[in-house]
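The values are calculated or read from the model by the stated rules, or taken from the named source; none is laboratory data. All values reported here derive from a predicted model rather than from experimental measurement. Positions of Cβ are generated from backbone atoms using ideal geometry, with glycine treated the same way; all protein chains shown enter the neighbour counts.
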Amino acid sequence: MRSAIIATVVAFGIFFVATQSDRLVDQLAVDECDAEHLGQRAFGPLSTIYTVEGGNLSGICHGQDDPTVYDAWANLTMFTTADERNSIVGFGGFRNTSNRQVAAYATTLNSDRTEFMIVVNLDMVEYDPWQVRRVMAHEFAHVLTRSAPGVSGDACGEFGCVSNSNYMGLWVDRFWSEAEVQSLEGNGYNDAAGTAQRCASNSGFPTQYGATNPYEDFSESFSFFLFSHGVPRSVQPRIQFLSSFPELVRMRDRVTAAGFADLRTYQQNCGSF
């Protein structure tokens, strides 16, 4: 793993509201269930927060019981087992009352990056059931790439950890050149010109958002992989990489078994689809 790439890649994180905390007591402690604090960086307070115990939704720690949250959760459990969801200790929702188009985000709830919370735009869940499936896949991919057992804290940034032996480390080595990583500015989200340039010069990115930084590249590619989408030849190496991990293939197989595989071919245009 190129050390320069490690140092650059781990610096990202805009949709992730990272909080430093002690080990969570009774899953989400009172201070961690502060909806305004958890949402303030992105779009304002959350409307509902549930605790998650053993990979399953448990009690409400903020707001009122909301069936829309269960709908979103079902799209996550459709392709994951309770054990695979074990690091998720909170699941919440918000109503998009601002003009910002935020679909969802994942956040680390402890300094060890072993406990996560996923938050989803409940309006999106209600008006676009197809899209929420992709969003849950995207956010879960962030959980997959944000921790690496045995990696020192120095190799971990707000997005997680990078090493030779985890998904993200291997992904960067395989698909991101040192020049592309060095072209990133700030946290990778505010560099629209750089993102456009990477798209124009590298047809391997699945979407324009995927060219934002390696983490979004992985998550966007994972969504295409999980739902068995057809992709252009230039994107296929990313799908083949994901197909080399049996645990990820099992997730894809669950999607197929549930009847949600989508074999349509999406043309890579470095834009939304």
Scan the stretch 68-90 and tell me whether some residue there is modelled with pLDDT under 85, in contact with a strand residue (DSSP E or B) (Cβ under 6 Å, 6 or more places away or on another chain) and surrounded by 22 or more Cβ atoms within 10 Å (Cβ to Cβ). no
Output the residues belonging to the stretch 221-271 that are β-branched (Val, Ile, Thr) and within 25 Å of Gln197 (Cβ to Cβ). Val231, Val235, Ile239
Could you please tell me which pairs satisfy a Cβ distance under 6 Å, a separation of 6+ or placement on different chains, a first residue in the stretch 217-234 that is charged (D, E, K, R), and a second residue that is buried (at least 24 other Cβ atoms within 10 Å of the Cβ)? Asp217/Gly210; Glu220/Pro206; Glu220/Gly210
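What are the residues in the stretch 191-240 that are touching a Pro at 6+ places or on another chain (Cβ under 6 Å) and part of a helix (DSSP H, G or I), if any?
Listed by number, the residues that qualify are Glu220, Ser221, Phe224.
This table checks each residue for (1) touching a Cys at 6+ places or on another chain (Cβ under 9 Å); (2) assigned by TED's automatic domain parsing to the domain that holds Phe225; (3) outside any helix (DSSP H, G or I).
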site	(1), (2), (3)
Ile49	yes, no, yes
Val52	no, no, yes
Cys61	yes, no, yes
Val69	no, no, no
Phe91	no, no, yes
Tyr105	no, no, yes
Met124	no, no, no
Gln131	no, no, no
His138	no, no, no
Does at least one position in the stretch 113-120 carry a residue that is under 19 Å from the mean Cα position of the chain (by Cα), surrounded by fewer than 21 Cβ atoms within 10 Å (Cβ to Cβ) and more than 26 Å from Asp253 (Cβ to Cβ)? yes
Within the stretch 166-184, of all residues that are free of Cβ contacts under 8 Å to residues at least 60 places away in the same chain and part of a helix (DSSP H, G or I), the one farthest from Pro237 (Cα to Cα) is Ala179
Among (1) modelled with pLDDT of 85 or more; (2) more than 14 Å from the chain's Cα centre (by Cα); (3) buried (at least 20 other Cβ atoms within 10 Å of the Cβ) - the single one Ala148 does not satisfy: (1)
Single match in Asp262, Asp217 (criterion: of a type in the set (D, E, K, R) and crowded, with 21+ Cβ neighbours inside 10 Å): Asp217
